[in-house]
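So the structure is just underneath, and the comments pick up after that.
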Amino acid sequence: MSLEVSENQLDAIIRAAIEKHGDQRDALIPILGEINQALGYIPGEALGKIRRCINTPEEGLFLADSHLYSIASFYHMYSLKPVGRHIVRYCESAPCHVVGGRQVIQRLHDFLGLAPGETSADGRWTLFQTSCLGICSVGPVIVVDDDIYGHVTPQRVSFILAKYR
Ligand code: FES
């Protein structure tokens, strides 16, 4: 899900996330997760807003926007730019790779006409690569929104994606 968000909406989402998870530094990841869940991505302006709300009681310790950016950009499940209505993720780790993942990835790129991190011009699809999803025994694995598909073949790619049209 990708939404244009007003400043008031973003403030409300951040406030609700802080009420739920607290205002300590260890709440940063769940707060970022709440924003990503609500909007499909984490707007850049959210980082400064979160930083100003997080309690850093230790003297001499401060939180920089760059610290928040490093967290938000580290995790594959977070996006820092708006995404399409459907998010397709493919596993690029070795166990999936050796059972045909490379061909599946190529088919995804060809079918969607996207490179990892890109969103289609019509706003329908965003493609991401990700590391191991923890279900290597059913590789190659792709995830479309919250649906997980195992034993994916290049031939199945178009059938899977057709469900989301
Ligand atoms: S390597 Fe693909 S799910 Fe583990």
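The values are calculated or read from the model by the stated rules, or taken from the named source; none is laboratory data. Bear in mind the structure is a predicted one, so any value in this text is a computation, not a measurement. Positions of Cβ are generated from backbone atoms using ideal geometry, with glycine treated the same way; all protein chains shown enter the neighbour counts.
The residues of the stretch 20-70 include none that are farther than 22 Å from residue 9 by Cβ and in contact (Cβ under 8 Å) with a residue 40 or more places away in the chain.
Reported count of residues in the stretch 79-97, each being within 16 Å of the ligand (Cβ to nearest atom), under 30 Å from residue 31 (Cα atoms) and not hydrophobic (A, V, I, L, M, F, W, C), is 4.
Scanning the stretch 98-141 for residues that are free of Cβ contacts under 8 Å to residues at least 24 places away in the same chain, within 16 Å of residue 155 (Cα to Cα) and within 14 Å of the ligand (Cβ to nearest atom) returns a single hit, 102. Is it the case that residue 28 is of a type outside the set (S, T, N, Q), at pLDDT below 90, surrounded by 16 or more Cβ atoms within 10 Å (Cβ to Cβ) and in contact with a helix residue (DSSP H, G or I) (Cβ under 7 Å, 6 or more places away or on another chain)? No; evaluated as a whole, the condition is false for this residue.
Residues in the stretch 1-41 that are within 18 Å of the chain's Cα centre (by Cα) and assigned to a loop (DSSP other than H, G, I, E, B): 1, 2, 3, 4, 5, 40, 41.
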